[in-house]
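Peer 1: Just dropping this structure here.
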Amino acid sequence: MKKRVASVTAVVAIGAIGLVGGAAAKQPVATASKYCSAYAEEHFGDKNVRTPGGVKYLGPGEYCSHKPGYATAYRKARFRCDAEGRLVRR
C-alpha cells in the first residue's frame, strides 16, 4: 500500500511539473529591439544600425557611444560624433 501511494504521488508530481513547464514554454518572449519606420528613415534620416551591443535605432542628435566598435558602426551608417558627443549625418 505504501509503495502504491508513493508511486501515485510521484506520477502526480511529474504531471504537475509537466503542466507548469508546458505553460511557461508556450508564453511569448518579449524582444527589446525597436525598428524605425520607413517614414522615419525617409524624413528624419533615422536608421537601424548593427552595433556591438545589438541592432540599435539611431537618429541625428542622439548621444554617441565611445565603446570599442561603435565608431565603425556609426561610419557604416553614415553618422559621425560631433564635439558635443551627439550623432550627426555625414
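The values are calculated or read from the model by the stated rules, or taken from the named source; none is laboratory data. This is a predicted model, so every value here is computed, not measured. Here Cβ is always computed from backbone atoms with ideal geometry, including for glycine, and neighbour counts include all displayed protein chains.
Peer 1: For residues that are surrounded by 14 or more Cβ atoms within 10 Å (Cβ to Cβ) and assigned to a helix (DSSP H, G or I), tally how many sit in segment 62-90.
Peer 2: Matching residues across segment 62-90 total 4.
Peer 1: Among the residues of segment 41-50, which ones are in contact (Cβ under 8 Å) with a residue 12 or more places away in the chain and touching a Lys or Arg at 6+ places or on another chain (Cβ under 9 Å)?
Peer 2: Step one: list which residues in segment 41-50 are in contact (Cβ under 8 Å) with a residue 12 or more places away in the chain, which gives 44-50.
Of everything in segment 41-50, those that are in contact (Cβ under 8 Å) with a residue 12 or more places away in the chain and touching a Lys or Arg at 6+ places or on another chain (Cβ under 9 Å) turn out to be Gly45, Lys47, Asn48, Val49, Arg50.
Peer 1: Can you tell which of Gly21, Gly15, Gly59 is of a type outside the set (Ser, Thr, Tyr) and modelled with pLDDT of 75 or more?
Peer 2: Matching residue, one of Gly21, Gly15, Gly59: Gly59.
Peer 1: Looking at (1) of a type in the set (Ser, Thr, Tyr); (2) at pLDDT below 85; (3) part of a helix (DSSP H, G or I), which one does Tyr35 not meet, given that it meets all the others?
Peer 2: Of everything listed in (1) of a type in the set (Ser, Thr, Tyr); (2) at pLDDT below 85; (3) part of a helix (DSSP H, G or I), Tyr35 misses just condition (3).
Peer 1: Still on this model: If you check Tyr57 against the conditions, is it surrounded by 12 or more Cβ atoms within 10 Å (Cβ to Cβ) and assigned to a helix (DSSP H, G or I)?
Peer 2: On the way: surrounded by 12 or more Cβ atoms within 10 Å (Cβ to Cβ): yes; assigned to a helix (DSSP H, G or I): no.
For Tyr57, the condition - surrounded by 12 or more Cβ atoms within 10 Å (Cβ to Cβ) and assigned to a helix (DSSP H, G or I) - is not met.
Peer 1: Just checking, how many residues over segment 39-54 are surrounded by fewer than 14 Cβ atoms within 10 Å (Cβ to Cβ) and modelled with pLDDT of 75 or more?
Peer 2: Here the count works out to 4.
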